[in-house]
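The values are calculated or read from the model by the stated rules, or taken from the named source; none is laboratory data. Since the model is a prediction, treat every value here as computed from it, not as a measurement. Using ideal geometry, Cβ is built from the backbone for each residue, glycine included, and neighbour counts are taken over all protein chains shown. Protein only, heavy atoms only, side chains kept; ligands, DNA and RNA dropped before computing areas. Shrake-Rupley method; radii C 1.70, N 1.55, O 1.52, S 1.80 Å.
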Amino acid sequence: MAGPLEERFRSVRDLLPEYRVETARGRIVVNESGTWQHNTLVFQMVCRLIGPAVERGWEIWPNITVYLGQNADRYVPDLAVVPRRPRMRMEHAVYGDATVLLVDIVTAGSVYEDYHVKPGEYARGGVPLYLLVDPLECTVKLFGRPEGGKYGTEILVAGAEPLILPAPWEFAVETRELW
């Protein structure tokens, strides 16, 4: 993304810091803050990930832009797990391939983007793992092994099944209390 769209993106992001500002397919998208249900799920995911993240020396960041390349869209996942001092694109954007895991909580307005657009963009940007928590379907889906612009593995768990995160996590995310 270069030129006028990049300038408008930065202006809108600076003007509306309390909102989630992203670019998607050449347009600027502004989303309101999450509902209490959405924020409760974000909190639940932080609770599940914090122990393994701290053990490995990683940090969990909410509300950070993910830089996926010069002409790529800009997304702000609900959570980004990163190593200490990851490679940054200015102070407001972390490189996708410098993350450990991105997490999004699906909302009624984000279903298409979360399931059909972001996985391809994140895979092209080298994001190693992308986790979708879907309270609408009571499922958790993990995209992994990015290669050739798509993810090589997709794991879907429903209901109360645990989700096994692969290396470098090697950890089971318990989902039974999310719903």
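So that you can scan it fast, the table gives a plain yes or no per residue for (1) closer than 19 Å to Glu113 by Cα; (2) out of contact with any Pro (no Cβ under 9 Å at 6 or more places or on another chain); (3) surrounded by 13 or more Cβ atoms within 10 Å (Cβ to Cβ):
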{"residue": "Arg10", "(1), (2), (3)": "no, yes, yes"}
{"residue": "Thr23", "(1), (2), (3)": "yes, yes, yes"}
{"residue": "Leu68", "(1), (2), (3)": "yes, yes, yes"}
{"residue": "Arg74", "(1), (2), (3)": "yes, yes, yes"}
{"residue": "Val82", "(1), (2), (3)": "no, yes, yes"}
{"residue": "Arg85", "(1), (2), (3)": "no, yes, no"}
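Mind counting the residues in the stretch 107-124 that are surrounded by fewer than 22 Cβ atoms within 10 Å (Cβ to Cβ) and either over 10 Å from the mean Cα position of the chain (by Cα) or basic (Lys, Arg) (or both)? Here the count works out to 12. Take the residues in the stretch 102-122 that are of a type in the set (Phe, Trp, Tyr) and modelled with pLDDT of 95 or more, then tell me which one is farthest from Ile50 (Cα to Cα). Residue satisfying both the conditions and the ranking: Tyr115. In the stretch 100-117, the residues that are closer than 19 Å to Phe43 by Cβ form Cβ pairs under 6 Å with partners that are crowded, with 21+ Cβ neighbours inside 10 Å and of a type in the set (Phe, Trp, Tyr), at six or more places apart or across chains, as follows: Leu102/Tyr130.
Candidates are the residues of the stretch 158-173 that are in a loop (DSSP other than H, G, I, E, B) and surrounded by 14 or more Cβ atoms within 10 Å (Cβ to Cβ); the one that is modelled with the lowest pLDDT is Glu161.
Only one entry of Pro128, Pro83, Pro135 meets the criterion of being more than 13 Å from the chain's Cα centre (by Cα), under 22 Å from Ala53 (Cα atoms) and touching a residue at least 12 places away in the same chain (Cβ under 8 Å), and that entry is Pro83. Would you call Val42 in contact with a Pro (Cβ under 8 Å, 6 or more places away or on another chain), among the hydrophobic types (A, V, I, L, M, F, W, C) and modelled with pLDDT of 85 or more? It is true that Val42 is in contact with a Pro (Cβ under 8 Å, 6 or more places away or on another chain), among the hydrophobic types (A, V, I, L, M, F, W, C) and modelled with pLDDT of 85 or more. Please go through the stretch 36-56 and give me each residue that is more than 14 Å from the chain's Cα centre (by Cα), without any contact (Cβ under 8 Å) to a residue 60 or more places away in the chain and open to solvent by 20 Å² or more (accessible area, probe 1.4 Å), ordered by number. Within the stretch 36-56, Trp36, Asn39, Thr40, Phe43, Cys47, Ile50, Gly51, Val54, Glu55 meet the criteria. Number of residues in the stretch 133-157 that are more than 19 Å from Phe43 (Cβ to Cβ), of a type in the set (A, V, I, L, M) and open to solvent by 50 Å² or more (accessible area, probe 1.4 Å) equals 2. Please tell me if Val54 is part of a helix (DSSP H, G or I) and either touching a strand residue (DSSP E or B) at 6+ places or on another chain (Cβ under 6 Å) or not small (Gly, Ala, Ser) (or both). Yes: the conditions hold for Val54. Among the conditions (1) part of a strand (DSSP E or B); (2) over 20 Å from Phe143 (Cβ atoms), Gln70 misses just one, which is (1). Taken across the stretch 89-106, residues that are open to solvent by 40 Å² or more (accessible area, probe 1.4 Å), under 16 Å from the mean Cα position of the chain (by Cα) and over 19 Å from Tyr151 (Cα atoms) do not occur at all.
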